[in-house]
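Asker: Once you've had a glance at the structure underneath, I'll fire off some questions.
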Amino acid sequence: MALIASLAVLFCTGVFCFLMAAFGQRALRRARVDFENDGERILVSVAVGVIVFEAALAILLPLGYLKPSLLVVILAIAVAGISEYRPILRNTAALLRSSLAGSQGERFLLAIVALVLLFEGLAAMAPLTGSDALHYHFVSPLLVLRYGFHPDFFLSHSFLTGQGHLLILAGLAAGTDKLALALLFLGGVLAAAATSCVARKWASRPWSWLAALVFLLSPVVFWQITAAGAPDIWMAFFTATAVLVIARARSNSQAVIAAIAGLLTGAVAGTKYTGCIVAASLLVAFFWETRSLRRVAIFCASALAAGIWPYLRNFAWTGDPVFPFAVRWFSPGRINSYALTSLLADTGASGHTSIWQLAKFPFLASIDPEHFGFWQFFGPLCLIFAPLIVLAVRNTSLWRTAILVWLASSIVIGASSGMTRFLLPVLPVALAAAIAGVAALCKMEWRIARSISAASIAVFLLLSAGGFAIYAGPALAAAAGLTSSEDYLRGRSPDYAVTEFVNQTLAGKESEGNALVFFRHVYYLRIPFLYGDPKASWAVDPARLSTPESWREFFRQNRIRWVVRSPEYPKDIAAPLEQLEHSGSLTPIAHQNVSTFDGMRILGIRKTVTAVVLQVSD
């Protein structure tokens, strides 16, 4: 049954994609704009549909009635695109037939891509275990569903959620986090298709399928579309599609081309703060190709319409559109220096990047040994094949746009954050360019170079496939029902044992007040809670909560009835809380030894800690 349920959710996600494509194609047809091939047209159509879907939810969300609003939006999009259902099916079938009519090698690559997508899709259907997802990617939308649309200063990262999180919200509103995960997986599928489409502009179709396969098996990608639970992968799709559209802007002066390019750019900026850097590079590329202020104005207006909503939300709530990173200028009275310093360190914005580290960023080859994991590893192919790009590059609009967006985004992201994983949006463009270089090499008589290139790709694919099999094996077992969800979560989800203990202890007491918790991964909590670690809780400021009296008032103001210690309080707020324990103002009512991860989960080291639930005395 679990396998059938997983396949059913993936099928529903396919239906969602179909509806978005039909709506987008209807909009393109009404605007009298067309594209060179069916693949490019379908990608742009899906992008337009998803962007309109996200913007509609962003506008309706503050009004409440989320579930009825979601149903209305879906129905409106489905009805608006009904005339394009048959053309979309016809174009998709034509694409599939042309690929299957290709060479044996092409059919083999297509089959491998389909097989990889099947396994990655099933792995994505396992219960949620991504660390950041359990902390805020899924938690913030869940809290909106539970308590309504309002600022949550206890969860600082909730202000970092963007347009992509509305897809998570939609999946959760539909009643299952599997659908939310499947919508994130869909972003990976579309990003792979966009990678193939960009590569097809520069090389033959088998090479374009190879580019898609390399993309899907890159560790950072299979982590993103299976376990991470983050919408960043959608930025890769929007960026690659925007590059394709901007490349048409010089030869096509239609205002609608500028509008579509702007929508795609706004979608990138609206997903994540670092997306603004990629969006700026897309704007520069568009201006360079068009040299028209009028079209740039249309571009910017469309970008704002697509991506301004998270920034408007933050401005309305805090006075700072990029809260909390500019709060000292916009709303100095709200500043929490402790939490701000922690967030800057968490995003890499407070670190120093050397010239050598910066030079490696455009080749997606910079690794931070202090934060090692799948989220950094893009693979070495862009670095290895970078010199070969000179064999393929031409003075065309697509090459100019791709190179500018790739290099400018990489350098600025490297200089501003130093986080390699933020380069994910430009990976499709970088990989397509690298594969195009190898394709150009294979037309030459350099046998040794060709053999080395082929071996490099083969070794990368084999090692990555093996890494995926090891990493996703438990998730596949859970999605297929071979492992129960509870057993999977106990073995793979950080802080799950603590969560179970707290849920069991406080079950039935939800109306009595909130629980203040300090463990990071709170998605599976089923009782009212407030997050209290001052490193990621804007409401808990050690400078203002330095005495037992200030904590007593804090408990009263926020209806905090229980405090969960597991095993210790955060050190910067520990002293006054320990004093409250000693004075009897915090009374232990339950405790349990639980197993949790010791350090990074990827290392698999576990330890036993004691979790304690304390009751706040009246």
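Asker: Give the number of residues within the range 392-407 that are part of a helix (DSSP H, G or I), open to solvent by 40 Å² or more (accessible area, probe 1.4 Å) and out of contact with any Pro (no Cβ under 6 Å at 6 or more places or on another chain). Outline the logic, then answer.
Answerer: Initial filter on the range 392-407 (part of a helix (DSSP H, G or I)): 392, 397-407.
Applying the additional criterion that residues be open to solvent by 40 Å² or more (accessible area, probe 1.4 Å) yields 400, 403-404, 407.
Checking the rest, the ones that are also out of contact with any Pro (no Cβ under 6 Å at 6 or more places or on another chain) come to 400, 403-404.
Here the count works out to 3.
Asker: Further question: Which one of ALA472, ALA455, ALA465 is free of Cβ contacts under 8 Å to residues at least 24 places away in the same chain, of a type in the set (A, V, I, L, M, F, W, C) and either part of a helix (DSSP H, G or I) or farther than 17 Å from VAL221 by Cβ (or both)? Even if it seems obvious, please write down each step before you answer.
Answerer: Values: ALA472 fails: free of Cβ contacts under 8 Å to residues at least 24 places away in the same chain; ALA465 fails: free of Cβ contacts under 8 Å to residues at least 24 places away in the same chain.
Exactly one of ALA472, ALA455, ALA465 is free of Cβ contacts under 8 Å to residues at least 24 places away in the same chain, of a type in the set (A, V, I, L, M, F, W, C) and either part of a helix (DSSP H, G or I) or farther than 17 Å from VAL221 by Cβ (or both), namely ALA455.
Asker: If you don't mind, there's one more thing I want to ask. Tell me, which helices (runs of 4 or more DSSP H) lie completely within the range 321-380 with 2 or more residues that are open to solvent by less than 50 Å² (accessible area, probe 1.4 Å) and modelled with pLDDT of 80 or more?
Answerer: Details: elements: 327-330, 337-347, 355-360.
By residue number, 337-347.
Asker: Looking at the range 447-465 only, could you name the residues that are among the small types (Gly, Ala, Ser) and within 24 Å of the chain's Cα centre (by Cα)?
Answerer: Within the range 447-465, the first condition is being among the small types (Gly, Ala, Ser), and the residues that meet it are 449, 451, 453-456, 458, 464-465.
SER464, ALA465, listed by residue number.
Asker: Suppose the filter is surrounded by fewer than 22 Cβ atoms within 10 Å (Cβ to Cβ) and not acidic (Asp, Glu); does ALA8 pass it? Can you show your working first?
Answerer: Working: surrounded by fewer than 22 Cβ atoms within 10 Å (Cβ to Cβ): yes; not acidic (Asp, Glu): yes.
For ALA8, the condition - surrounded by fewer than 22 Cβ atoms within 10 Å (Cβ to Cβ) and not acidic (Asp, Glu) - is met.
Asker: Related question: Do any helices (runs of 4 or more DSSP H) entirely within the range 139-250 hold 1 or more residues that are surrounded by fewer than 23 Cβ atoms within 10 Å (Cβ to Cβ), and if so, which? It would help to see each step written out before you state the result.
Answerer: Numbers: elements: 139-147, 165-173, 177-200, 205-217, 219-223, 233-246.
Because the criterion is at least 1 residues that are surrounded by fewer than 23 Cβ atoms within 10 Å (Cβ to Cβ), the helices (runs of 4 or more DSSP H) in the range 139-250 that meet it are 139-147, 165-173, 177-200, 205-217, 219-223.
Asker: Please count how many residues of the range 599-614 are within 19 Å of GLU568 (Cα to Cα) and either open to solvent by 60 Å² or more (accessible area, probe 1.4 Å) or out of contact with any Pro (no Cβ under 8 Å at 6 or more places or on another chain) (or both). Let's see the steps before the verdict.
Answerer: Keep residues of the range 599-614 that are within 19 Å of GLU568 (Cα to Cα), which gives 599-600, 606-614.
With the extra rule that they be either open to solvent by 60 Å² or more (accessible area, probe 1.4 Å) or out of contact with any Pro (no Cβ under 8 Å at 6 or more places or on another chain) (or both), the set shrinks to 599-600, 606-608.
Result for the range 599-614: 5.
Asker: Kindly indicate which of ARG544, ARG520, ARG552, ARG559 is surrounded by fewer than 20 Cβ atoms within 10 Å (Cβ to Cβ) and touching a Gly at 6+ places or on another chain (Cβ under 8 Å). Don't jump to the end; show me each part of the working.
Answerer: Values: ARG544 fails: touching a Gly at 6+ places or on another chain (Cβ under 8 Å); ARG520 fails: touching a Gly at 6+ places or on another chain (Cβ under 8 Å); ARG552 fails: touching a Gly at 6+ places or on another chain (Cβ under 8 Å).
Selected residue: ARG559, the only one of ARG544, ARG520, ARG552, ARG559 that is surrounded by fewer than 20 Cβ atoms within 10 Å (Cβ to Cβ) and touching a Gly at 6+ places or on another chain (Cβ under 8 Å).
Asker: Criterion first (of a type outside the set (Ser, Thr, Tyr) and either buried (at least 19 other Cβ atoms within 10 Å of the Cβ) or assigned to a strand (DSSP E or B) (or both)) does LEU525 satisfy it?
Answerer: Taking the combined requirement at face value, the residue satisfies it.
Asker: I would also like to ask the following. Given the criteria polar (S, T, N, Q) and at pLDDT 95 or above, does SER131 qualify?
Answerer: Details: polar (S, T, N, Q): yes; at pLDDT 95 or above: no.
Here the answer is no, as SER131 does not meet what is asked.
Asker: Under the condition of being on the phi > 0 side of the Ramachandran plot and over 24 Å from the mean Cα position of the chain (by Cα), which residue from the range 471-508 is surrounded by the most Cβ atoms within 10 Å (Cβ to Cβ)?
Answerer: Our first condition is that a residue be on the phi > 0 side of the Ramachandran plot; within the range 471-508, this holds for 481, 495, 508.
With over 24 Å from the mean Cα position of the chain (by Cα) added as a condition, the list becomes 481, 508.
Working: GLY481: 14, GLY508: 7.
Across the range 471-508, the extreme among qualifying residues is GLY481.
Asker: Moving on to the next point. Residues in the range 70-93 that are under 30 Å from PRO151 (Cα atoms), without any contact (Cβ under 8 Å) to a residue 40 or more places away in the chain and open to solvent by 20 Å² or more (accessible area, probe 1.4 Å): how many? Let's see the steps before the verdict.
Answerer: Of the residues in the range 70-93, the ones under 30 Å from PRO151 (Cα atoms) are 70-77.
Keeping just the survivors that are without any contact (Cβ under 8 Å) to a residue 40 or more places away in the chain gives 71-73, 75-76.
This time we only want the ones that are open to solvent by 20 Å² or more (accessible area, probe 1.4 Å), so: 71-72, 75-76.
The number of residues fulfilling the criteria is 4.
Asker: While we're here: Quick one: which of SER537, SER595, SER585, SER566 is hydroxyl-bearing (Ser, Thr, Tyr), within 17 Å of PHE153 (Cα to Cα) and in contact with a strand residue (DSSP E or B) (Cβ under 9 Å, 6 or more places away or on another chain)? Steps first, answer last, please.
Answerer: Values: SER595 fails: within 17 Å of PHE153 (Cα to Cα); SER585 fails: within 17 Å of PHE153 (Cα to Cα); SER566 fails: within 17 Å of PHE153 (Cα to Cα).
One residue alone meets the criteria, SER537.
Asker: Name the pairs: first residue in the range 577-593 and without any contact (Cβ under 8 Å) to a residue 24 or more places away in the chain and open to solvent by 60 Å² or more (accessible area, probe 1.4 Å), second residue in a strand (DSSP E or B) and of a type in the set (Val, Ile, Thr), Cβ to Cβ under 8 Å, at least 6 apart or on different chains?
Answerer: HIS591/THR610; HIS591/VAL612; HIS591/VAL613; ASN593/THR608; ASN593/VAL609; ASN593/THR610
Asker: Continuing with the same structure: Residues that are crowded, with 16+ Cβ neighbours inside 10 Å and among the hydroxyl-bearing types (Ser, Thr, Tyr): does the range 417-437 have at least one? If you could, list the steps in order and put the result at the bottom.
Answerer: The initial filter retains those residues of the range 417-437 that are crowded, with 16+ Cβ neighbours inside 10 Å, namely 417-437.
Then keep just the ones that are among the hydroxyl-bearing types (Ser, Thr, Tyr); that gives 417, 420.
Checked against the condition, which is being crowded, with 16+ Cβ neighbours inside 10 Å and among the hydroxyl-bearing types (Ser, Thr, Tyr), the range 417-437 yields at least one hit.
Asker: Turning to a different aspect of this structure: Residues of the range 42-69 being of a type in the set (D, E, K, R) and surrounded by fewer than 16 Cβ atoms within 10 Å (Cβ to Cβ), which ones?
Answerer: Looking only at the range 42-69, we keep the residues that are of a type in the set (D, E, K, R), and these are 54, 67.
Once the filter is applied, which keeps residues that are of a type in the set (D, E, K, R) and surrounded by fewer than 16 Cβ atoms within 10 Å (Cβ to Cβ), the range 42-69 yields only LYS67.
Asker: With respect to SER410, is the statement that it is among the polar types (S, T, N, Q), at pLDDT below 95 and open to solvent by less than 10 Å² (accessible area, probe 1.4 Å) true? Outline the logic, then answer.
Answerer: Numbers: among the polar types (S, T, N, Q): yes; at pLDDT below 95: yes; open to solvent by less than 10 Å² (accessible area, probe 1.4 Å): yes.
Yes.
The values are calculated or read from the model by the stated rules, or taken from the named source; none is laboratory data. Quantities reported herein were computed from a predicted structural model and do not represent experimental measurements. In this analysis, Cβ positions are derived from the backbone assuming ideal geometry, glycine residues included, and neighbour counts consider all displayed protein chains. Protein only, heavy atoms only, side chains kept; ligands, DNA and RNA dropped before computing areas. Shrake-Rupley method; radii C 1.70, N 1.55, O 1.52, S 1.80 Å.
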